[in-house]
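Notes follow once the structure below has been shown.
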Amino acid sequence: MSALRARAFPVLLGALVLPSVGGLRPAFEDHVGTRVETEQRFEMVKSLMQTYSSQGRLLDRQRVNRSSVSLDFEIELKGSRLVMTPQLVLLRGGVQPKRPLFPQTSKWFQVGLDGGIYLHGQERRRTPAHERWKQSASALIELQTETIAPAEIEDLLPDLQRWLRKVNACGSQRRCLLPRPTSTAASSTVAPAVHFTQRRSVESWNAPETVQFTIGLDLSKVFRWLKLSPFHQRSGILEKVARVCKGQSDVYGSLVALAATTLEQAKRYDSGHRCDHPKALMQPYLVRSHWGDMLTVLSPTERERFASDVLKVVAQQGIPLEADAPLWKQNFYDYLKFPETLELSRLVACRAAALPEGSTQIAQEMPTSFEGLRSMARKVLLQRRRVDRRVSSRSCGFHGRTTGARFTARKWLEAALQGQDLMSDHDSEASTKGSL
């Protein structure tokens with residue numbers, strides 16, 4: 001994520017939001033000789049996995065002086081499939097390795113992975129329309145560009161094209177190594193093998209299918225940028241914001257417009273009929289900045305009226321939203337991380353709220369060391385079909401104890417004013433008290 005600092009907190013608008021996952025701190029060790037209860041073990045793993053940067057991805061100082069806008073891209077290679085190792089299984093589940101797993105050949109982008117889905121490729125066509133393509137233990141290649149100024153795209157593209165040509169040289173149904181750096185000064189980490197399961201060239205996929213992007217804007221200019229959006233021109237929401245926020249600063253008007261739009265987009269999920277992730281229906285963009293951080297720029301007077309003004313705009317917009325009723329009435333899927341995958345697959349002892357009715361608890365407890373987790377990752381690979389079957393068969397809804405995840409619009413706004421973002425992985429109870 002990228003942004004600029006000003007009196008106006010930077011705002012990030014992206015095609016999709018992908019919550020950050022963190023690494024393991026050095027203190028992540030087994031508690032030898034101490035009995036640690038199942039619930040505590042999950043909390044220990046969770047607290048050591050999650051990291052959070054209040055500023056997100058920022059332009060460096062040199063770029064800030066040259067540009068008021070930042071860009072970064074996530075590029076999925078849809079035709080690729082990684083040959084999974086225990087380390088890659090952990091990384092796919094949100095556990096960062098002790099050392100980099102992917103060779104890095106460019107200063108413009110980082111090579112990584114994105115999670116696969118069940119019923120992948122052509123089998124997706126047979127998935128019922130109301131059903132989400134569910135998670136699997138597989139993964140594909142994903143590139144994450146550096147946070148750049150728009151003018152630098154022409155410098156990024158040659159490196160990207162060279163890298164894609166090397167990857168594309170791998171024929172179908174072959175196992176190939178990811179491109180390695182040619183310079184001894186560059187990274188020399190061992191590359192995992194990559195197997196392409198699609199016959200189509202990786203360069204033949206349309207950009208909307210493969211590219212997600214994030215734009216970082218100075219918050220004081222967001223309102224003017226939104227006026228250029230056909231979506232906002234059609235919806236008329238900016239005119240309502242201008243009336244409700246008359247006499248207020250551009251920063252305040254921008255925040256009210258973004259918050260009202262976020263609630264409008266969130267309610268769109270209830271009009272659908274399939275179980276999904278609400279972010280998939282956040283269109284045409286998603287606010288990727290943490291709301292609790294953005295609202296720190298408000299003055300005491302602005303903070304007192306903010307929630308009320310947002311709800312006024314929502315009401316004038318005719319959005320079917322009750323401020324004190326759960327924001328989402330329909331169930332939706334959360335994202336499972338590695339501990340929940342183990343629990344759902346019955347490879348470790350379940351927490352009380354996740355133990356299936358009538359089931360017997362198993363003896364294997366959740367490991368609390370990196371080596372222990374890696375050993376469980378080997379089991380996932382050995383029992384991959386079982387794991388995929390159990391994960392894909394779960395019903396629509398949250399995994400774990402997540403009663404507080406059904407927050408209201410008013411609670412979301414009030415929590416943001418207190419420094420929390422209940423729609424984020426960092427603060428959502430669907431993340432903090434259920435799956436990670």
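The values are calculated or read from the model by the stated rules, or taken from the named source; none is laboratory data. From a predicted model like this one, the values you see are computed outputs, not experimental measurements. Cβ sites come from the backbone with ideal geometry, for glycine too, and all protein chains shown count toward neighbours. Each accessible area value is taken on the protein alone, full model and side chains, heavy atoms only, with ligands, DNA and RNA left out. Shrake-Rupley method; radii C 1.70, N 1.55, O 1.52, S 1.80 Å.
Counting the residues of the stretch 365-386 that are of a type in the set (A, V, I, L, M) and either modelled with pLDDT under 90 or exposed (fewer than 12 other Cβ atoms within 10 Å of the Cβ) (or both) gives 1.
The criterion of at least 2 residues that are modelled with pLDDT under 65 is met, among strands (runs of 3 or more DSSP E) falling completely within the stretch 151-238, by 193-196. Going by the structure shown, is Arg390 of a type outside the set (Ser, Thr, Tyr), open to solvent by 30 Å² or more (accessible area, probe 1.4 Å), part of a helix (DSSP H, G or I) and touching a helix residue (DSSP H, G or I) at 6+ places or on another chain (Cβ under 6 Å)? Against the criterion (of a type outside the set (Ser, Thr, Tyr), open to solvent by 30 Å² or more (accessible area, probe 1.4 Å), part of a helix (DSSP H, G or I) and touching a helix residue (DSSP H, G or I) at 6+ places or on another chain (Cβ under 6 Å)), Arg390 qualifies. On inspection, Lys246 qualifies as outside any helix (DSSP H, G or I) and over 18 Å from Val297 (Cα atoms). Against the list (1) surrounded by 15 or more Cβ atoms within 10 Å (Cβ to Cβ); (2) modelled with pLDDT under 80, the condition Ser53 fails is (1). Restricting the stretch 280-292 to residues that are of a type outside the set (Phe, Trp, Tyr) and crowded, with 19+ Cβ neighbours inside 10 Å leaves a set whose member that is nearest to Asn331 (Cα to Cα) is Met282.
Would you check if there is a residue in the stretch 352-364 being farther than 30 Å from Leu219 by Cα and surrounded by 16 or more Cβ atoms within 10 Å (Cβ to Cβ)? Yes: the stretch 352-364 contains one or more residues that are farther than 30 Å from Leu219 by Cα and surrounded by 16 or more Cβ atoms within 10 Å (Cβ to Cβ).
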